[in-house]
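Q: My questions will all concern the structure given below.
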Amino acid sequence: MTTPNHTIVAGPQYNGKASKRMHVMAKPIGAVCNLDCDYCYYLSKQDLLEYKKGCSPQLSKGELENYIKQYIEQQNTPEIIFSWQGGEPTLLGLDFFRRVVELQEKYRPNGVVISNDLQTNGVLLNDAWCSFLRKNNFLVGLSIDGPELLHNAYRVNKAGRGTFNQVMKAVTLLHKHQVSFATLTCVNNLTANEPVAVYRFLRDVVRSPQIQFIPIVEQKNFRQTAPQKWQQQDVLVWSDTKLEPSQTDSIMEHWSVSAEQWGNFFVQYLMSG
């Protein structure tokens, strides 16, 4: 009787140990934002999280250090990526992110590269911010919904005014300081009908090195009910007309993009490239 040979295949290794890698999106300021975009699913969470009752949305100094230390310790990989979102993370100020970089360097293992990405509406970006972002190799995600009329339709400040001009100033600064950035464009009921105009604007005017799209699909009760709370009997099949934003009995917000619009957007977008 012979004993079969077994080949043990080891998984990915780093520094002689099994490679461990994970990715966490941190929201160090919670839902707090300086804009009031109509379609934002997160602004209403400020009331749910009871910020006004003394519960601070911001990471404390101790929490920040513990987060960075433990996030690094739990990984065994040549590159560790930190992602910062909000709300609007730049409201925390430059000193907060200077501290982030200091703590990352404090706990960084030898030979490991630490990278950061930051999602922002761009309103607060200035020369000081962009100089810091470039120096520390941050990848910036910039939210912009296309040409002025399309962008200003829903992306407004607390006074209800469009933010296009402020975001375009941020675009100029990002290019000036050679900051790596990508654009994030929300495809809503308006931008869905102008895929070629949106694409050419991002390509030729913004000169975005990376272009990302995300569909806006929200129920009318999204401010009170999270998707995870839907009851099975309330979940509709894709063919139900109530899922069509243009229908009078629709349960979707009017700015939502339909499945057909989303598909057509990409068909025309790809054909225009």
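The values are calculated or read from the model by the stated rules, or taken from the named source; none is laboratory data. Just so we're clear, the structure is a prediction, and the values are computed from it rather than from any experiment. Please note: Cβ atoms are built from the backbone with ideal geometry, for glycine as well, and neighbour counts cover all protein chains shown.
Yes/no per residue for (1) on the phi < 0 side of the Ramachandran plot; (2) touching a strand residue (DSSP E or B) at 6+ places or on another chain (Cβ under 9 Å); (3) not hydrophobic (A, V, I, L, M, F, W, C):
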residue: 120; (1), (2), (3): yes, yes, yes
residue: 133; (1), (2), (3): yes, yes, no
residue: 137; (1), (2), (3): no, yes, yes
residue: 148; (1), (2), (3): yes, yes, yes
residue: 168; (1), (2), (3): yes, no, no
residue: 171; (1), (2), (3): yes, yes, no
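Q: Return the residues of the stretch 206-254 that are modelled with pLDDT of 70 or more and within 19 Å of the chain's Cα centre (by Cα); say none if nothing qualifies.
A: Result: 206, 208, 209, 210, 211, 212, 213, 214, 215, 216, 217, 218.
Q: Something else: Which residues, counting only those in the stretch 153-172, are touching a residue at least 40 places away in the same chain (Cβ under 8 Å) and part of a loop (DSSP other than H, G, I, E, B)?
A: Hits for the stretch 153-172 are 155, 158, 160, 163.
Q: Here is a follow-up. Out of 91, 125, report the one residue that is in contact (Cβ under 8 Å) with a residue 24 or more places away in the chain, part of a helix (DSSP H, G or I) and more than 17 Å from residue 24 (Cα to Cα).
A: Unique residue meeting the criteria: 91.
Q: Which residues, counting only those in the stretch 100-119, are without any contact (Cβ under 8 Å) to a residue 60 or more places away in the chain and closer than 23 Å to residue 142 by Cβ?
A: Selection gives 100, 101, 104, 114, 115, 116, 117, 118.
Conditions (1) crowded, with 20+ Cβ neighbours inside 10 Å; (2) at pLDDT below 95; (3) of a type in the set (Ser, Thr, Tyr); (4) under 25 Å from residue 133 (Cα atoms), marked per residue:
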position	(1), (2), (3), (4)
144	yes, no, no, yes
157	no, no, no, yes
165	no, no, no, yes
168	no, no, no, yes
172	no, no, yes, yes
178	no, no, no, yes
183	yes, no, yes, yes
186	yes, no, no, yes
191	yes, no, yes, no
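Q: Being at pLDDT 95 or above and surrounded by 15 or more Cβ atoms within 10 Å (Cβ to Cβ), is that true of even one residue in the stretch 52-66?
A: So far as the stretch 52-66 goes, yes, one or more of its residues are at pLDDT 95 or above and surrounded by 15 or more Cβ atoms within 10 Å (Cβ to Cβ).
Q: For the subset of the stretch 79-96 comprising residues that are of a type in the set (A, V, I, L, M, F, W, C) and over 13 Å from residue 58 (Cβ atoms), which member is surrounded by the most Cβ atoms within 10 Å (Cβ to Cβ)?
A: The selected residue is 80.
Q: When the residues of the stretch 113-132 are narrowed to those that are crowded, with 17+ Cβ neighbours inside 10 Å and over 17 Å from the mean Cα position of the chain (by Cα), which ends up farthest from residue 66 (Cα to Cα)?
A: So, considering only residues that are crowded, with 17+ Cβ neighbours inside 10 Å and over 17 Å from the mean Cα position of the chain (by Cα), the one farthest from residue 66 (Cα to Cα) is 130.
Q: Does any residue in the stretch 57-77 that is over 22 Å from residue 87 (Cβ atoms) come within less than 6 Å, Cβ to Cβ, of a residue that is in a loop (DSSP other than H, G, I, E, B) and among the basic types (Lys, Arg) six or more places away or on a different chain, and which pairs are these?
A: 75/21; 77/21
Q: Kindly list the number of the only condition in (1) buried (at least 18 other Cβ atoms within 10 Å of the Cβ); (2) assigned to a strand (DSSP E or B) that fails for residue 150.
A: With (1) buried (at least 18 other Cβ atoms within 10 Å of the Cβ); (2) assigned to a strand (DSSP E or B) applied to residue 150, the lone miss is (2).
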